[in-house]
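What follows is one structure encoded as structure tokens, with my remarks underneath.
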Amino acid sequence: MAQQMQDCMTIEDQVAALGPWFHNMRIRGVETSPDHFLGDYPAIKWKTFKHVVPDDLGGRSVLDIGCNAGFYAQEMKRRNAGRVLGIDSDPRYLRQATFAATQNGIDIEFRLMSVYDIAQLREKFDLVLFMGVLYHLRYPLLALDLLYEHVVGEEMLFQCMQRGADFVGPVEPDYDFQEWQIFDRPDYPKLFFVEHRFSDDPTNWFIPNRAGVEAMLRSSGFVIEANPEREVYLVRRGQRPYMNEAVPRIVAR
Ligand SMILES: C[S@@+](CC[C@H](N)C(=O)[O-])C[C@H]1O[C@@H](n2cnc3c(N)ncnc32)[C@H](O)[C@@H]1O
């Protein structure tokens, strides 16, 4: 019955019924979020860094964490990725992603899953996308550590909102206990904690400055290969610093 009703609906009606959309997808000529506050998003963002992703992914496997309506997952398929899995913790976004991929005839698997549960995938991917999710997490370092431990086989495309200083200064290997001034330097690695709201979104928790993002990536064992625009990094698996504690085991609920 539900399927019959859906068959009678226009694409516009179906898009509206699945909304509101964060990704402005194009589905059979219909835009899903034409009035997005960031413009034609994420297409305008993608344009600024797509050159760091090979035109031909040659069948590489891709995991898109926090895939939303699947804009980037679809782009990876268009670049000849092999298996593409998109996960998101919000079922509403996954319904959008499934609809958009089906309508566009693109074969992507979507699964309702939080980044904290990725150990359950028991699979490493050639390329992991972790775009626009870190600042939505109450446990950002845990997420990066879990990514390193369980799913990043080779490379990760990473994006994080930043605020504060856009430059990175030198940081000494150690500071005396009496040191105070270094913490007031704008380019010291920082995470701003949002107790209430930022941009009317109650899920924005920790917003790093540029030095903070880069230090966290390194600290979780990732090597920065490219930084094509302020918020976006292409990183690859490196060595985890020796003093890192083991990644906590998250027991399945
Ligand atoms: C700002 S959107 C970014 C969407 C997309 N990755 C992009 O870059 O355009 C954040 C997405 O992360 C998802 N998300 C938030 N917390 C998550 C979690 N713990 N695990 C998986 N996805 C999460 C949200 O549901 C949302 O789809």
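Tell me which helices (runs of 4 or more DSSP H) are completely within segment 1-76 and hold 2 or more residues being under 18 Å from the mean Cα position of the chain (by Cα), or say none if there are none. Even if it seems obvious, please write down each step before you answer.
Values: elements: 2-8, 11-18, 43-49.
Here the list reads 43-49.
Taking the condition surrounded by fewer than 21 Cβ atoms within 10 Å (Cβ to Cβ), within 24 Å of R236 (Cβ to Cβ) and more than 15 Å from the chain's Cα centre (by Cα), does E123 pass?
Details: surrounded by fewer than 21 Cβ atoms within 10 Å (Cβ to Cβ): yes; within 24 Å of R236 (Cβ to Cβ): yes; more than 15 Å from the chain's Cα centre (by Cα): yes.
So E123 passes the test.
Inside segment 118-137, can you point out the residues that are in contact with a Ser or Thr (Cβ under 9 Å, 6 or more places away or on another chain) and charged (D, E, K, R)?
Correct list: E123, K124, D126.
Please count how many residues of segment 187-200 are in contact with a helix residue (DSSP H, G or I) (Cβ under 9 Å, 6 or more places away or on another chain) and either loosely packed, with under 13 Cβ neighbours inside 10 Å or not aliphatic (A, V, I, L, M) (or both). Break it down stepwise before answering.
Here is the first cut: in segment 187-200, the residues in contact with a helix residue (DSSP H, G or I) (Cβ under 9 Å, 6 or more places away or on another chain) are 187-192, 194, 198.
Next, from what is left, pick out any that are either loosely packed, with under 13 Cβ neighbours inside 10 Å or not aliphatic (A, V, I, L, M) (or both): 187-190, 192, 198.
Going through segment 187-200 one residue at a time, the tally reaches 6.
Is it fair to say G164 is surrounded by fewer than 19 Cβ atoms within 10 Å (Cβ to Cβ), in contact with a Pro (Cβ under 7 Å, 6 or more places away or on another chain), outside any helix (DSSP H, G or I) and not aromatic (F, W, Y)? Walk me through how you get there before you give the answer.
Numbers: surrounded by fewer than 19 Cβ atoms within 10 Å (Cβ to Cβ): yes; in contact with a Pro (Cβ under 7 Å, 6 or more places away or on another chain): yes; outside any helix (DSSP H, G or I): yes; not aromatic (F, W, Y): yes.
Yes, satisfied.
Collect the residues in segment 146-161 that are part of a helix (DSSP H, G or I) and more than 14 Å from V235 (Cα to Cα), keeping them in residue-number order. Full working, then the answer.
Residues of segment 146-161 that are part of a helix (DSSP H, G or I), as a first pass: 146-151.
If the condition is that a residue be part of a helix (DSSP H, G or I) and more than 14 Å from V235 (Cα to Cα), then L146, E149, H150 are the ones that fit.
Out of segment 79-120, which residues are aliphatic (A, V, I, L, M), buried (at least 21 other Cβ atoms within 10 Å of the Cβ) and within 12 Å of the ligand (Cβ to nearest atom)?
Passing the criteria: I87, L94, A97, V115, I118.
Enumerate the pairs (first residue in segment 94-112 and outside any helix (DSSP H, G or I); second residue anywhere and buried (at least 16 other Cβ atoms within 10 Å of the Cβ) and among the hydroxyl-bearing types (S, T, Y)) with beta-carbon separation below 7 Å, excluding pairs fewer than 6 apart on the same chain, so at least 6 apart or on different chains.
These pairs meet every condition: F110/T98.
Pairs please, first residue from segment 113-127 and under 14 Å from V62 (Cα atoms), second anywhere and charged (D, E, K, R) and exposed (fewer than 15 other Cβ atoms within 10 Å of the Cβ), Cβ atoms under 9 Å, 6+ apart in sequence or on different chains.
Between residues of segment 113-127 that are under 14 Å from V62 (Cα atoms) and residues that are charged (D, E, K, R) and exposed (fewer than 15 other Cβ atoms within 10 Å of the Cβ), the close pairs are L121/R111; K124/E154; F125/E154; D126/E154; L127/E154.
Which one is nearest to the ligand (Cβ to nearest atom), of the residues in segment 121-145 that are farther than 18 Å from S219 by Cα and in a helix (DSSP H, G or I)?
Among those residues, the one meeting the criterion is H136.
FYI, it's all coordinate maths here, none of it is from the lab. Just so it is clear, the model here is predicted, and its values are computed rather than measured. Ideal geometry is used to build each Cβ from the backbone, glycine not excepted, and the neighbour counts take in all protein chains shown.
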